[in-house]
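Structure, as structure tokens:
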């Protein structure tokens, strides 16, 4: 696979540790530098990884060693950091969502196309054995033609455990923009792009109380809808019913179910890479677990970055990583359109579309992309 691609990380918050652990396991990429507004936090984050430079954001962008910028900033800063990386001639891989809104995301993709660099974006959880095994079952015709799906995420809110949860309740946050990327990316991977959405949304209270850390007991304002529900009409004709909530205590609903003319699947939590895929077929009793048949085994956050780094893709030819910019843009467009539909009470046509990413064959994390040049 040649020399590993050098990665510079901007943003050393809570999620960064998961990426660092995965990068350490990936031969395709190498961590060379990190940057954060809080340099002490950056130094602490990379203390287990000696030899990693701690730089300012400007220094990291100018560093000729850095091939790709891993953007782990808060959602409101995603577009700004991505555009700076693109202007520096570097590929960029963003934590989800691609940007706080569709307009900013479109600026990122236009700038990348003009600069001839690649854009990738989380979630890459869909590249693991959970979603990919379910996709293979659907593509192989196990449940017949898919006709419907349900996707449910119910939690009382991240302020119970996150020491700085402000951004979850600011524009660019909320349950849909926070957790929706996992669920909608999974639904698009399984059922294809979305053509139309209808929806409704609300919020239960104007403030939330931080439950842990040095700010425990502090109240923060809620400036986004905290319960969003809708129906996604896929271009294939399948209908997905979506519920994303920071207002519920618990649920017994499966994270995702897919129903076809000949059977149904239970798909594991799309916030994780693996998990059991269950099938119930017409004429059978009960559910049976399908063996893992596709996807990266024992994957972690960052496998999408490795996919971008090692694919050797021709940007001019239109190819892109599996966890790529057009997929992330379409998912963001679906979410923003769903919020618009909730406000207007009318169906909204999705302006964008995307291709279903190529499937991942069953393979180990270090093997690199399956079926890529």
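For this structure, a couple of remarks:
- Share, in percent, of DSSP beta bridges within the chain that are antiparallel, nearest 5: 55 percent
- Ratio of Rg to Rh over segment 125-294 (Cα coordinates, Kirkwood Rh, two decimals): 1.03
- Report note on the peptides 265-277, 88-100: ranked by the mean count of other C-beta atoms within 10 Å, highest first, their order is 88-100, 265-277.
- Rounded, prolate or oblate (a/c below 1.5 giving rounded, otherwise prolate when a/b exceeds b/c) for segment 103-172 by Cα gyration tensor: oblate
- Ordering of 280-289, 186-195, 201-210 by packing is 186-195, 201-210, 280-289, highest average first (other Cβ atoms within 10 Å, averaged per residue).
- Segment 1-110: C-alpha gyration tensor shape, a/c 1.5 cut-off, then a/b vs b/c: prolate
- Sequence ranges 47-58, 160-171, 128-139, 27-38, ranked by mean other-Cβ count within 10 angstrom, highest first: 128-139, 27-38, 160-171, 47-58
- Shape of the chain, Cα gyration tensor, a/c cut at 1.5: oblate
- Here the sum of -39500 (n - 2.57) over DSSP H runs of 4 or more residues, divided by the residues of the chain, equals -8500 deg cm²/dmol at 222 nm, to the nearest 500.
Bear in mind these aren't lab numbers, they're just calculated from the coordinates by the rules spelled out. Remember, it's a predicted structure, so these values are computed and weren't measured experimentally. Neighbour counts are summed over all protein chains in view; Cβ atoms, including those assigned to glycine, are modelled from backbone coordinates with ideal geometry.
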